[in-house]
Each structure stands twice: as C-alpha cells, then as structure tokens.
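Contents: one structure, followed by commentary.
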Amino acid sequence: MSAPSTLGAARAVFAKELLLERRAPQTLIAMTLFSATTYVVFHFALNRDSVAGNLASGVLWVTITLASLLGIGRLFVSDRDEGGLEAFLLAPVDRSALLLAKAAALLSFLIALELVAVPLFALLLLGPTPSVGTWLRLALILLLADAGIAVVGTLVGAIAVQTRARDLITSLLALPLLLPVVIGAARSTAPLLSELGAGTLPSRWPVVLGLYDLIFGLLAYALFDYLVED
Amino acid sequence: MPTSAKLYGTRLRGLAIATFVILTAGFALAAFYAPIEADQGFSQKIFYVHVPLAIVSLCGFIFGGICAIQHLRTGDPRHDLRSYTAIHQSLIFCAGALVTGSIWAKAAWGQWWVWDEPTLVSFLIVFLLYATYQPLRFSIEDPERQSRYASVFAIVAGAFVPLNFAAVRLANPLIHPRVLNSSGGSLPNDMRVAFYTCLVGMGLLFITLWKYEMASKHTRAQLRSLRRKLQSDDQAPVQGRSAAPRLTAP
C-alpha cells in the first residue's frame, strides 16, 4: 500500500475535525454564543441602540477577533489530550497535511460563525441596512481576513497547546499577530457600513490583507514541521 | 581551559571602552556640536537617543530571527542562546525607544501618546508581541521543545515586524519626521555627524551587552557542568524551570 498524498491526508484530517465538531459541538457553539453576548455587552457599554461607520466596523471586528481566539485555543486540544498528534506523527504522511487540515477547519469554523454572527450584528446593532452589493464586498473582506486568522491561528494554536498556560499564550500571541488583519479589515469595512450609504472600498486594504495571508501562509508552511516534531 | 568562555570573554574590555568613548562622543556632539533645530528647539535633541535606540532594537529583533533560523536548521543550542539574548535585549531597547518617543511626542505635539503616529504605534505593537517571548519560553517545560518553539516564534515575529510597519503606516497619514528617507537623509551635515556617531555608539552598546550576557551564560553553564562533575549525580542541584536556553543537558 502506498503512502497517501498530502492532500488526501489533509482531507481525511479535515473530515475528522468536522465530524468531531458535528458529534460534540464545542467550538462553534461557544464562538457563536460568545459573539452574541459580546453584541449585548457592546450595546450596554457603548449605550447605543445602533452603530454605523467606524464604530460599527470596530464592534464587528473586535467581536470576530475575540471569538476567533476561542476557536484558536481549542484547535489542537482534543488532538493533544486524546493522542491524535502522536497518531498523526506515526502515519507516513507529510506534516504539512496537519497544517492544511487545521487551517481549513479553522477557516470553516470562522465562516460558519460569520454566517450567523454577521447577520445577527446587522439585526441587533447595525444602523444602516446594507445592500446586496455591500454584502458581497463585505463577504470578500471577511474571507480575506478569515484566511489570515486561520493561518496565524493554526500556528499560534500549535504553539500554545504545548505550553502550560495555554489560554494565556493563545491570546497574548494571537492578538498582536492579528493586528494587521484587524487594521486592514476594519478600515475596509468602515466605509461599507457608513450611514451615508456604502462608500467605495479602498482597494489597498484588500491587497494588504491578501499580502498578509500570503506571507503568513508561506511562513506557516515553512515552520509548521518544527511544531509537530517529537 | 573551556573554549567557549574564551570565545565570548575576549575583547570584551576593548569593546566596552570603545562603546563608552563613541557613545560619549556621540552624546557630546549631539549636545554641543549639532545645531539646535529651528522648529522644535532643544527638545529635538532626544532624537539622538530615540532614533538610534529604535533602529538598534529593530535590527536586534531581525538578528534574533536570523539566529532562530540557524537554530532550526542546525539544532545547535548556542544559536538559540544568541537569539534569546538578542531578543530580550532588543526588548529593553524597544522599551527605551517607546519611552523616549513618548517624551518627544509630549515636547513636539503636546501629548504623551499620539495615535496617528504610525511609527510609534508600530513600535508599541512590536513591543507587545515580543513581550510574550519570555512568558512563552517559561511556560514550556521541556528545554528542547522550548528552544524549538521559541525559534519558531522569533522567525514569525521577525517577519511580522516589517509587515506590521507597512500596515500601520498605511492606516495613518504621515506626521512622523522622516529622518532618513530614500534619497539619503534630509539632515544637515553637522546633525548627521552627531546622529551617525550616536547610532554607531548605540549599536556598539547593544553588541557589548549582548557579548557580555553571552559570556556570562556560557560561564554559568560551564560552572554548572564542572560542579556536577565534582558532586555525585544524586547530589547535583535540581535546576528550576527557566525561560533561558540551556547549553548543557539537564
């Protein structure tokens, strides 16, 4: 029997992640509940019934970034506790397969989260009603940012899971590393959520986000092998 | 005679004297020779401390990343020690750059902290990121894994530095004075002489401190292994958890 290809192994691990999440939903439910609660917190903390423009974009991105920390923190926990990492290391496959699978799993969690959390945000807090075109542009920004969060999150999650103070290290490492994503995403969504109707999307921010995704994708690919050695 | 202690201990005195002389000369030039800037007056003199601190600390972070690459490639713990020492000293220099930058901001713009000042904000982010380096090391018990993960962190953070500067700069209009632009700087000659002397002095200060700490760490590791040889194994002192890299097997 020949060794499975990297993509095949990645697909198998990815399917396992989704199956685990379906059988015992932990991450997604936690992330969604967290973001809904955060909106309520924002409502009272800001004492506002509706937000628009910069403020709306800020509320949205703070919520998504903090919710993603929950997903990042849990990404490798079950594998470490149940011996999944050792089993993976025993398999004759490339270690990048694990990176691919975990990043894809985190990406799909983030997309699933946003499918609920962003409409909920529009319903609960957002003042202006976005048009279809605005939604599409918003989706593009969300996807670009999600890719960055997924790559950096996988790297940070793999580091943090081997430490004693896992949750602490996750937030301390991930937040500064994700700041360029937050800057780019918040700056590009602010004109979309403006009260004066959706403004034009400044084209440099999607480029910055894409560049960030690319650089950290390559870095993660180069460095991930060192994080799953034993 | 242990070789590695020799390696780091030599020329330390000469280096220290050179650092002292050049840095003193640089500060003297900055204080007495360089003209008082027309716009900002005397407060602009802090520039001769702030900018060299900032440049040296960024170079130190990058150097730490390069040592980390070497460490991952070769697995030699000495590279990890180099990276560790460079990063934690750069962190101190970075804190110095933040404090002096804040003082300058107060003098020049009337506020201790200016958010629409991309370089200062980038520095804060870089500082916050590298501040997690020590907690990260400390929270991993296995020394081999600790050094490997710290190296991965050092490389990621090293790559993050320029990206972060680009992102923060794009987010703000420029108000930070561009001291050294691509056309070779807009400084008048007498200011430039003082500035470069300060920069060289600060770089030498970094190198001296770095070598000093390396020598100290190597000496301590050798002392420990000698002590272990003197005592029997069961009497050997138990090493506590540490964030610093270990050169000898525990």
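The values are calculated or read from the model by the stated rules, or taken from the named source; none is laboratory data. What you are looking at is a predicted structure, and each value in this text was computed from that prediction instead of being measured. Please note: Cβ atoms are built from the backbone with ideal geometry, for glycine as well, and neighbour counts cover all protein chains shown.
For the condition surrounded by fewer than 24 Cβ atoms within 10 Å (Cβ to Cβ) and touching a helix residue (DSSP H, G or I) at 6+ places or on another chain (Cβ under 9 Å), what is the one hit in A:Leu155, A:Leu144? Testing whether each residue is surrounded by fewer than 24 Cβ atoms within 10 Å (Cβ to Cβ) and touching a helix residue (DSSP H, G or I) at 6+ places or on another chain (Cβ under 9 Å) leaves just A:Leu144.
Tell me which residues, restricted to the range B:38-85, are free of Cβ contacts under 8 Å to residues at least 12 places away in the same chain and acidic (Asp, Glu). B:Asp39, B:Asp76, listed by residue number.
Of all the criteria given as (1) closer than 30 Å to A:Glu229 by Cα; (2) outside any helix (DSSP H, G or I), the one not satisfied by A:Asp49 is (1).
Just to be sure I understand, how many residues within the range A:201-227 are surrounded by 17 or more Cβ atoms within 10 Å (Cβ to Cβ), among the aliphatic types (A, V, I, L, M), modelled with pLDDT of 85 or more and over 18 Å from the mean Cα position of the chain (by Cα)? Adding up the residues that qualify gives 2. Each residue in the range B:31-62 was checked for being touching a Lys or Arg at 6+ places or on another chain (Cβ under 8 Å) and surrounded by 21 or more Cβ atoms within 10 Å (Cβ to Cβ), and 1 of them qualify.
Restricting attention to the range A:172-227, the residues that are under 20 Å from A:Asp146 (Cβ atoms) and assigned to a helix (DSSP H, G or I) add up to 36.
In the range B:2-113, counting only helices (runs of 4 or more DSSP H) that sit wholly within it, the ones holding 1 or more residues that are modelled with pLDDT of 90 or more and closer than 30 Å to A:Leu227 by Cα span B:47-74, B:77-109. Pairs meeting the criteria (first residue in the range A:53-77 and aliphatic (A, V, I, L, M), second residue at pLDDT below 90 and outside any helix (DSSP H, G or I), beta carbons under 6 Å, at least 6 apart or on different chains) are A:Ala56/A:Leu126; A:Ala56/A:Leu193; A:Val59/A:Val51.
From the list A:Ser194, A:Ser203, A:Ser131, the one residue that fits, being away from chain B (no Cβ under 11 Å), out of contact with any Pro (no Cβ under 9 Å at 6 or more places or on another chain) and farther than 21 Å from B:Val168 by Cα, is A:Ser131. Screening B:Tyr133 with (1) under 18 Å from B:Ser57 (Cβ atoms); (2) facing chain A (nearest Cβ under 9 Å) gives one miss only, at (2).
I'd like the residue in the range B:114-130 that is more than 10 Å from chain A (Cβ to nearest Cβ) and either part of a helix (DSSP H, G or I) or acidic (Asp, Glu) (or both) and, out of all such residues, is farthest from B:Pro162 (Cα to Cα).
Keep residues of the range B:114-130 that are more than 10 Å from chain A (Cβ to nearest Cβ), which gives B:114-120, B:123.
Filter once more, keeping what is either part of a helix (DSSP H, G or I) or acidic (Asp, Glu) (or both): B:116-120, B:123.
Numbers: B:Asp116: 18, B:Glu117: 16, B:Pro118: 12, B:Thr119: 11, B:Leu120: 14, B:Phe123: 11 Å.
Across the range B:114-130, the extreme among qualifying residues is B:Asp116.
Assess whether B:Ser225 counts as being within 30 Å of A:Phe216 (Cβ to Cβ), at pLDDT below 85 and more than 14 Å from every other protein chain (Cβ to nearest Cβ). Before the answer, list the steps.
On the way: within 30 Å of A:Phe216 (Cβ to Cβ): no; at pLDDT below 85: yes; more than 14 Å from every other protein chain (Cβ to nearest Cβ): yes.
In short, no.
Would you be able to say whether some residue in the range A:155-166 is more than 10 Å from chain B (Cβ to nearest Cβ) and assigned to a helix (DSSP H, G or I)?
First, the residues of the range A:155-166 that are more than 10 Å from chain B (Cβ to nearest Cβ): A:157, A:161.
Okay, now just the ones that are also assigned to a helix (DSSP H, G or I), so A:157.
Taking every residue of the range A:155-166 in turn, at least one turns out to be more than 10 Å from chain B (Cβ to nearest Cβ) and assigned to a helix (DSSP H, G or I).
Residues in the range A:61-87 that are under 13 Å from the mean Cα position of the chain (by Cα), assigned to a helix (DSSP H, G or I) and not small (Gly, Ala, Ser): A:Trp61, A:Val62, A:Thr63, A:Ile64, A:Thr65, A:Leu66, A:Leu69, A:Leu70, A:Ile72, A:Arg74.
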